[in-house]
Amino acid sequence: MNYTLNILSAPYSNQSSDTAYQFAKAVLARGHSIYRVFLFGEGVYNANHLTCSPQDETNKFQRWSDLAHEFDIDLVVCVASALKRGILDQTESTRADLNQYSTIPPFDISGLGQLYDAIAHSDRVVSFGR
């Protein structure tokens with residue numbers, strides 16, 4: 001079965017992001033695949049590579065990155081949600097005439113069309129958060 005995960009909550013605001021990650025690992029362990037993880041609304045904060053986790057906590061940006069690299073998962077950040085919250089990749093930073101950016105690959109900033117594409121190519125879409 002092919003899944004898409006839609007994450008709507010920031011990584012430190014509640015349990016939703018952690019639950020999504022654990023769900024992703026469980027799905028993959030059972031031999032299923034994840035077509036795309038789409039970060040929307042507050043969920044875009046999961047793509048912020050400038051977040052510094054305390055030493056005794058998990059680096060949530062890094063664990064999504066590692067999972068994406070290991071299983072070739074597409075991590076997409078909604079451009080409208082990201083820009084409003086200061087989550088920019090190098091391209092968007094240049095476009096806005098800024099000299100900093102807060103997300104890097106494997107996270108890609110793109111539009112809602114990527115979510116629609118994922119819905120069309122997945123057997124199940126599971127949303128986490130609100």
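The values are calculated or read from the model by the stated rules, or taken from the named source; none is laboratory data. Remember, predicted model here, so these are calculated numbers, not experimental data. A quick note on method: Cβ atoms are made from the backbone with ideal geometry, for glycine too, and the neighbour counts reach across all protein chains shown.
Would you mind finding the one in 75, 115, 67, 88 that is more than 18 Å from residue 6 (Cα to Cα) and either modelled with pLDDT of 95 or more or hydrophobic (A, V, I, L, M, F, W, C) (or both)?
88
Which number in (1) surrounded by fewer than 16 Cβ atoms within 10 Å (Cβ to Cβ); (2) part of a helix (DSSP H, G or I); (3) acidic (Asp, Glu) marks the one condition that residue 117 misses?
Every listed condition holds for residue 117 apart from (1).
Within the range 1-11, restricting attention to residues that are assigned to a loop (DSSP other than H, G, I, E, B) and either in contact with a Phe, Trp or Tyr (Cβ under 8 Å, 6 or more places away or on another chain) or among the acidic types (Asp, Glu) (or both), which residue is nearest to residue 70 (Cα to Cα)? Before you say what the answer is, go through the steps one by one.
Here is the first cut: in the range 1-11, the ones assigned to a loop (DSSP other than H, G, I, E, B) are 1, 8-11.
Applying the additional criterion that residues be either in contact with a Phe, Trp or Tyr (Cβ under 8 Å, 6 or more places away or on another chain) or among the acidic types (Asp, Glu) (or both) yields 8-11.
Details: 8: 23, 9: 24, 10: 23, 11: 21 Å.
Among those that are assigned to a loop (DSSP other than H, G, I, E, B) and either in contact with a Phe, Trp or Tyr (Cβ under 8 Å, 6 or more places away or on another chain) or among the acidic types (Asp, Glu) (or both), it is 11.
Got a number for residues in the range 40-58 being of a type in the set (Asp, Glu) and either in a loop (DSSP other than H, G, I, E, B) or more than 19 Å from residue 16 (Cβ to Cβ) (or both)?
Number satisfying all stated conditions: 2.
Name the single residue, out of those in the range 14-39 being part of a loop (DSSP other than H, G, I, E, B) and over 17 Å from residue 68 (Cβ atoms), that is modelled with the lowest pLDDT.
14
Only one residue in 86, 111, 41, 129 is at positive phi and in contact with a Cys (Cβ under 8 Å, 6 or more places away or on another chain). Which one?
41
For the range 79-102, what are the residues that are farther than 17 Å from residue 9 by Cα and in contact with a strand residue (DSSP E or B) (Cβ under 9 Å, 6 or more places away or on another chain)?
Residues satisfying the conditions are 88, 89, 91, 92.
As an exercise: evaluate residue 43 against (1) farther than 11 Å from residue 5 by Cβ; (2) under 10 Å from the mean Cα position of the chain (by Cα) and give the number of the one condition it does not meet.
(1)
Of all residues in the range 22-69, which are surrounded by fewer than 18 Cβ atoms within 10 Å (Cβ to Cβ) and among the acidic types (Asp, Glu)?
Result: 56, 57, 66.
How about the range 59-107: which of its residues are of a type in the set (A, V, I, L, M) and not in a helix (DSSP H, G or I)?
Of everything in the range 59-107, those that are of a type in the set (A, V, I, L, M) and not in a helix (DSSP H, G or I) turn out to be 73, 75, 76, 77, 87, 88, 96, 98, 104.
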